[in-house]
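Right, one structure below, let's go through it.
The values are calculated or read from the model by the stated rules, or taken from the named source; none is laboratory data. All values derive from a computational prediction rather than experimental measurement. We place every Cβ from the backbone using ideal geometry, glycine too, and count neighbours over all the protein chains shown. To get the accessible areas, we keep the full protein, side chains included, count just its heavy atoms, and leave off ligands, DNA and RNA. Shrake-Rupley method; radii C 1.70, N 1.55, O 1.52, S 1.80 Å.
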Amino acid sequence: MVVTGRLATAGAVVALFVVFVMPTWLGVAMMTSALAAAVLIDMGSVARPHDVSLSREPLTVVRLGRSAEVELVVLNSGTRTVRGTLWDDWPDSARAAHRAHRLDLAHNTRTRLHTTLTPTYRGDRAAGPVTLRLIGPLGIAGRQTRRLVPARVRALPPFRSEHLMQSKVKRLQHLEGRNVANLRGQGTEFDSFREYVPGDDVRSIDWRATARASDVLVRTWRPERNRHMLMLLDTGRVSAGRVGSPEHIDDGTRLDASIEAALLLGGLAAAAGDSVDLLAFDRKVRAEVRGVGGKGLQLKLMHAMAGISPALVDTDSAGMVRATIQRTRRRSLVVWFTSLDGAAVQENLLPVLPVLAQRHRVLIVSVTDPEIAAAAARRDTLADLYLAATAETILAERALVQDSLRRKGIAVVSAPPDRLPEALADEYLELKQSGTM
C-alpha cells in the first residue's frame with residue numbers, strides 16, 4: 001500500500017475542521033472515520049497489478065556515443081482504469097532519460113512508453129525492475145509493485161574511423177585492377193591476357209597464348225583473394241592503460257584503440273574477399289569470431305568486441321600462440337594487437353614469436369601514447385626537462401624493439417590512437433600490393 005500527498009492535504013483539512021468547527025472527540029472520531037473510509041474506497045477501486053502486463057524487446061543495440069529508445073508496452077487487461085506512475089529502472093551507466101511515465105489506461109487499452117538510453121561505455125546493460133504505482137480514483141492511496149521485464153541495451157564500439165572505409169576500398173579496387181591495369185608480382189593470382197605494350201616486363205609474356213594469337217600477349221595479375229587473416233586482441237592488463245589526454249573524454253584505453261583499428265581492418269579485408277577470424281585472449285578466450293565473411297563480418301566483429309574489457313592479469317602469450325596454431329592450420333596473416341613496451345616484449349613476445357612466425361605472416365600492432373611524444377618535445381621548465389628525458393628514453397626503447405622485430409621478419413605498425421586505424425589499413429594494402437598477403 002502507498003499513499004500520496006493528497007492524503008496529507010486531506011488530513012490537514014480534517015484537522016482544521018476539527019479545531020475550528022467541531023472541537024470535540026466526536027468530531028475527531030467522525031472526521032477520522034471519513035478519512036479512513038476514503039482511503040479504503042480508493043484502495044478498493046484501484047486497478048489490480050496482475051491485470052497490467054508489460055513487455056518489450058529483449059535486446060536494443062546502439063553505437064557508443066549515440067542514443068536509443070527502449071520501448072515498453074503496457075496493456076491493461078482488467079476492467080478497472082489503470083492510473084498511476086511507471087518507473088523504468090536502468091543502471092546509471094546507461095544514462096536513462098524520461099524513465100518516469102504517467103499511466104491512464106482504460107479497459108483493454110495498450111500504450112507504448114519510451115525511455116531514452118545513452119550508454120557511457122561499451123558492453124551490455126541489463127534493465128532493472130519496472131516499478132508500478134497504481135493509484136485509486138480519489139488519488140490518495142494505491143498499490144505499488146515491481147516487475148522484472150528482462151531487457152538489455154548493447155553499446156557497440158563507436159567506430160569513428162568508418163569514414164575512411166570508402167577511400168581504402170577504392171584503393172583496394174585499384175590494386176585488384178578494377179580501375180587500372182592489374183599488377184604482376186610474387187604471390188598474386190592470374191587474371192587475364194592483354195596485348196603487349198612497350199615497357200611491359202618481358203617475363204610476363206605468355207608465349208603459348210602468343211602462338212595461338214596474332215599479337216604478343218602478356219599475363220595480368222591481381223592480388224590474391226580468399227586469403228585468411230586472424231586478429232589477436234591482447235586483453236591483459238597492458239590493454240587497460242589509457243592513451244591520450246585525461247581532459248579529452250574521447251580518449252580511451254589501449255584496448256579501445258585496438259578495437260577501432262580492428263574494425264577498419266576487418267571491414268577492409270572483407271571487401272578484399274579475405275576470410276577474417278578474431279580471438280580476444282589474456283589467460284583464456286574472451287571473445288571469438290570464426291567462419292564469418294562478407295558484409296556481415298563487421299557487424300559480427302562489433303557485437304563480439306562490444307563486451308570485451310581489459311582483465312587485470314598478465315597475458316599468457318604462450319597460451320595465445322597455442323590457441324592461434326590450433327585455430328589456424330594454413331598460412332595466414334596474424335595481426336597481433338599488443339604493447340611494445342620493452343619489458344613486455346622481452347618477457348612475453350620474443351620467446352614465442354619465432355614459433356608463430358615459422359607458420360604465419362605476423363604483424364604486430366601497437367598504440368602509442370601521444371602524451372609521451374608531447375612530453376619529449378616540451379622543455380620549458382626544469383620539471384619539463386626531467387619529463388622530456390624520461391619520454392625520450394621510452395621512445396628510444398620502443399624504436400629499438402621495433403627494429404629488433406623487423407630484423408626478425410615481423411612487420412610492426414605503431415601509431416597514436418587517432419592515426420592507428422588508417423596506418424594499419426595502409427599496411428594491409430601494402431602487403432596486398434607486394435603479394436605477401
Note: among THR79, THR111, THR116, just one is under 19 Å from LEU138 (Cβ atoms) and either of a type in the set (Ser, Thr, Tyr) or in contact with a strand residue (DSSP E or B) (Cβ under 8 Å, 6 or more places away or on another chain) (or both), namely THR79
With respect to the numbered conditions (1) in contact (Cβ under 8 Å) with a residue 24 or more places away in the chain; (2) surrounded by 13 or more Cβ atoms within 10 Å (Cβ to Cβ); (3) not polar (S, T, N, Q), which one is the sole condition not fulfilled by ALA388?
-> (1)
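Among the residues of segment 52-69, write down those that are part of a strand (DSSP E or B) and more than 16 Å from GLY123 (Cβ to Cβ). I'd like the intermediate steps shown before the answer.
At the first step, the residues of segment 52-69 found to be part of a strand (DSSP E or B) are 52-55, 59-63, 68-69.
Residues satisfying the conditions are VAL52, SER53, LEU54, SER55, GLU69.
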Could you please give the count of residues in segment 1-42 that are open to solvent by 90 Å² or more (accessible area, probe 1.4 Å), at pLDDT 75 or above and of a type outside the set (A, V, I, L, M)?
-> 1
Evaluation of LYS284 against (1) modelled with pLDDT of 90 or more; (2) charged (D, E, K, R); (3) surrounded by 20 or more Cβ atoms within 10 Å (Cβ to Cβ) (one fails), failing number = (3)
Of all residues making up segment 305-321, the number that are surrounded by 15 or more Cβ atoms within 10 Å (Cβ to Cβ) and assigned to a helix (DSSP H, G or I) | 6
When (1) surrounded by fewer than 19 Cβ atoms within 10 Å (Cβ to Cβ); (2) under 18 Å from ALA376 (Cβ atoms); (3) touching a residue at least 40 places away in the same chain (Cβ under 8 Å); (4) not aromatic (Phe, Trp, Tyr) are applied to SER434, the one that fails is (2)
Going through (1) crowded, with 18+ Cβ neighbours inside 10 Å; (2) in contact with a strand residue (DSSP E or B) (Cβ under 8 Å, 6 or more places away or on another chain); (3) modelled with pLDDT of 90 or more one by one, LEU353 fails only at (3)
Within segment 330-350, track down each residue that is over 28 Å from the mean Cα position of the chain (by Cα) and surrounded by 13 or more Cβ atoms within 10 Å (Cβ to Cβ).
-> GLY342, LEU350
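Are any of the residues in segment 130-144 among the hydrophobic types (A, V, I, L, M, F, W, C) and loosely packed, with under 15 Cβ neighbours inside 10 Å? Reasoning before the result, please.
Step one: of segment 130-144, the residues among the hydrophobic types (A, V, I, L, M, F, W, C) are 130, 132, 134-135, 138, 140-141.
From what is left, the residues that are loosely packed, with under 15 Cβ neighbours inside 10 Å are none.
No, every residue in segment 130-144 fails to be among the hydrophobic types (A, V, I, L, M, F, W, C) and loosely packed, with under 15 Cβ neighbours inside 10 Å.
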Under 9 Å by Cβ, and 6 or more places apart or on different chains, what pairs join a residue from segment 409-426 that is closer than 16 Å to ARG242 by Cα with one that is in a strand (DSSP E or B) and open to solvent by 30 Å² or more (accessible area, probe 1.4 Å)?
-> LEU420/SER414
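I'd like the full set of residues that are of a type in the set (S, T, N, Q) and touching a residue at least 60 places away in the same chain (Cβ under 8 Å), limited to segment 367-385. Before the answer, list the steps.
From segment 367-385, those of a type in the set (S, T, N, Q) are 368, 381; that's our starting set.
The one that is of a type in the set (S, T, N, Q) and touching a residue at least 60 places away in the same chain (Cβ under 8 Å): THR368.
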Could you please let me know if GLY128 is touching a residue at least 24 places away in the same chain (Cβ under 8 Å), closer than 30 Å to PHE159 by Cα and among the small types (Gly, Ala, Ser)?
-> yes
Report yes if ARG379 is under 30 Å from the mean Cα position of the chain (by Cα), open to solvent by 50 Å² or more (accessible area, probe 1.4 Å) and not hydroxyl-bearing (Ser, Thr, Tyr), otherwise no.
-> no
For PHE193, the lone unmet condition from (1) in a strand (DSSP E or B); (2) surrounded by fewer than 21 Cβ atoms within 10 Å (Cβ to Cβ); (3) modelled with pLDDT of 80 or more is (3)
Assuming ARG80 fulfils every condition listed in (1) open to solvent by 10 Å² or more (accessible area, probe 1.4 Å); (2) part of a strand (DSSP E or B); (3) touching a residue at least 24 places away in the same chain (Cβ under 8 Å); (4) not polar (S, T, N, Q) apart from one, which condition is it?
-> (2)
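A quick yes/no check of all residues on (1) part of a loop (DSSP other than H, G, I, E, B); (2) closer than 30 Å to ILE259 by Cβ; (3) out of contact with any helix residue (DSSP H, G or I) (no Cβ under 6 Å at 6 or more places or on another chain):
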site: THR32; (1), (2), (3): no, no, yes
site: ALA38; (1), (2), (3): no, no, yes
site: ARG102; (1), (2), (3): no, no, yes
site: THR116; (1), (2), (3): no, yes, yes
site: ASP124; (1), (2), (3): no, yes, yes
site: PRO137; (1), (2), (3): yes, no, no
Please enumerate the residues belonging to segment 391-420 that are under 14 Å from LEU363 (Cβ atoms) and either surrounded by 15 or more Cβ atoms within 10 Å (Cβ to Cβ) or not charged (D, E, K, R) (or both).
-> GLN402, LEU405, GLY409, ILE410, ALA411, VAL412, VAL413, SER414, ALA415, LEU420
